[in-house]
Amino acid sequence: MERYEEWIGRAKSSYNLATVSIIPNIYYEDLCFQIQQSAEKALKGLLIYYGIEPDFTHNIGILLKELEKITQKSLEISQNQ
């Protein structure tokens, strides 16, 4: 997937999968995985939009750091416990 529209479309697809709550016997960890995938794909889509080839990583923090370089905005994940 080289086009950012594809990444954004796949991010929306993962999000939609994660919000399907009417199917019985779904593990919450699987829904969480789909949300993580949605965020990861959206960030990769944004990086591609800005002309940056994203690293092969599943680490959202690394992707946010790359996006910070472009946007000049602080984008960090809160570690609330």
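The values are calculated or read from the model by the stated rules, or taken from the named source; none is laboratory data. Predicted model only: the values in this text are computed from it and were never measured. Neighbour counts run over all protein chains shown; Cβ positions are idealised from the backbone, glycine included.
List of remarks:
- Pair list, Cβ under 6 Å, 6 or more apart: the stretch 35-63 residue among the polar types (S, T, N, Q), other residue in a helix (DSSP H, G or I): Q37/S14; S38/A11; S38/S14; S38/Y15
- Qualifying residue in the stretch 3-24 (condition: surrounded by 14 or more Cβ atoms within 10 Å (Cβ to Cβ) and not in a helix (DSSP H, G or I)): no
- The set of residues in the stretch 35-53 that are surrounded by 18 or more Cβ atoms within 10 Å (Cβ to Cβ) and not charged (D, E, K, R) comprises Q37, S38, A42, L43, G45, L46, L47, I48.
Yes or no, residue by residue, for (1) closer than 21 Å to T19 by Cα; (2) at pLDDT below 90:
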position: D30; (1), (2): yes, yes
position: Q36; (1), (2): yes, no
position: L43; (1), (2): yes, no
position: I52; (1), (2): no, yes
position: K65; (1), (2): no, yes
